[in-house]
Amino acid sequence: MTPKKIFWLLFAINLFNYIDRQVLFAVFPLIKLDLSLTDAQLGSLASAFMLVYMIYAPLAGYFADRSPRQHWMGLSAVLWSIATFFTGFMNNFKQLLAARSFIGIGEAGFTTVAQGFLAEQYPHEKRARILASFGLALPAGSALGYFLGGVLGDHFGWRIAFMIVGVPGLLLGLLAAFKIKDARVFADKAEKPKLWAYVHLLKNKIFIFICLAQAFSTFIVGGLAAWLPTYFNRFYGYSVAKSSTIFGIMIVCSGALGVFLGGQVADRLIKKTQKAYFITAGASFALAMPFAVLGIMAPTFESSIFFLFFAIMFASAQTGPLSAAIVGYTSKKVRSMAFALNIFIIHALGDAISPMIIGKFSDIWNLRIAILFCLLMVVPACFFSAMAAIVSKKHKMNVEEPAKI
């Protein structure tokens, strides 16, 4: 397959990655009513997914570095799609918990491999744009997950919603597993990574700084995503349903624009300086901060949405550049593990804990102060981006030729 066909196939799989992940939240009320679940149990379904996703990611990365990666990507998509489909047959909380756990395993297996594999199909000066474009599946897929879940759930029930959205990923996964070829496997068949290669990865200062910068960014974004609809309800009097809908539309538009612009800027700057990825990321974090503060302190809901649009746009701009930086500063022999560790670190230190921390501080003070505290995490995000830029001057970026398949 050509790089362009590979991109579109993996983008389509990634799109259903987020559709299948988010459709659950759209049908929460229907599941709650049908199975008589508590809010705590509903929240546990989301937590179970993230916990399994984080823990399995390093394991997937380890084994993917030793086997044909197209099989990992394709069969991982097949696994989560089957789990999504059979979610429609679950009849109690424990069964739903098991289904969400298998979805987490499948999505972790795909995500750890796809970005590195895709980046290798293109020259380094195009990688930030390619990975940024690939990242557009996140806001688009999340929005479609909410939309399809709501529409299908209202018309056919929550069970049919899961069955319908699970089928495309199954077909796309099979196509990826048997049609894509991994050039690395044939070129480096005898060069499987040893344990020292993973130890060296943990000693890679640039990689660690990237992970920490993204972790603090994820801390902020995850916290805002969890609490802003409630914040709009408490401080502006908007219903949760209305504020969530408007906020969701705003995130899709601002997030997609930010991801696109970040990739464009970084790929232009990389021709002039090796620090381009980190400069773009650090600048995006810094620019997001004042807009976020203005959004939280805004006197009206409309002005809050206006400022938060730009805050999320700038915050999203780091996605492509820092993903490209991981490709540029890690060996292709351990690249799947690099993305796996990245996933574990950014979620473990980011959105896995920030909603709880904001909730605790909200109980002590109030939600506005708690969210403003959350925004302070932009300072270490900028700091670690700057540290990565400084350290990068001592290291040469991997400028690999695109894979020939």
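Every number here is computed from the coordinates shown, using simple stated rules; none is lab data. Since this is a predicted model, take the numbers as computed values, not measurements. Neighbour counts run over all protein chains shown; Cβ positions are idealised from the backbone, glycine included.
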Query raised in the report: Once label points are set 7 Å from the Cα along Cα→Cβ at both I369 and H200, what is their separation, rounded to one decimal in nm?
Result: 5.1
Query - With 5 Å bins from 0: P(r) over region 49-123, alpha-carbon pairs, percent - result: 3, 18, 24, 21, 15, 9, 5, 2, 1, 0
Query raised in the report: Given only helices, namely DSSP H runs of n ≥ 4 each adding -39500 (n - 2.57), what is the per-residue ellipticity at 222 nm of the chain, to the nearest 500 deg cm²/dmol?
Result: -27000 deg cm²/dmol
Query raised in the report: Among M90, M73, M297, which comes first, second and so on when ranked by fewest other beta-carbon atoms within 10 Å?
Result: M297, M90, M73
Query raised in the report: Helix hunt in the chain: which complete DSSP H runs extend at least 30 Å axially by C-alpha with mean Kyte-Doolittle at least -1.0?
Result: 3-26, 39-64, 93-119, 158-179, 205-236, 240-269, 276-297
Report summary line: With L96 itself left out, Lys, Arg at +1 and Asp, Glu at -1 over residues whose Cβ is under 13 Å from its Cβ give +3
Query raised in the report: By count of other Cβ within 10 Å, fewest leading, how are L75, L131 ordered?
Result: L75, L131
Query raised in the report: Excluding I6 itself, what net charge comes from residues whose Cβ is under 12 Å from its Cβ, given Lys and Arg +1 and Asp and Glu -1?
Result: +3
Query raised in the report: Quick one: length gained pulling S36 to N92 fully straight, 0.36 nm per residue minus the C-alpha distance?
Result: 19.3 nm
Query raised in the report: Direction-averaged shadow area of the convex hull around the Cα atoms of region 200-392, nm²?
Result: 10.5
Report summary line: Expressed in angstrom and rounded, the centroid-to-centroid distance over alpha carbons for region 271-294 and region 332-374 is 19
Report summary line: Ranked from fewest to most other Cβ atoms within 10 Å of their own Cβ, L45, L287, L322 fall in the order L287, L45, L322
Query - Spatially proximal lysines relative to K203 (Cα-Cα < 29 Å; intrachain offsets below 8 disregarded) - result: K126, K189, K192, K194, K271, K272, K275, K332, K333, K393, K394, K396
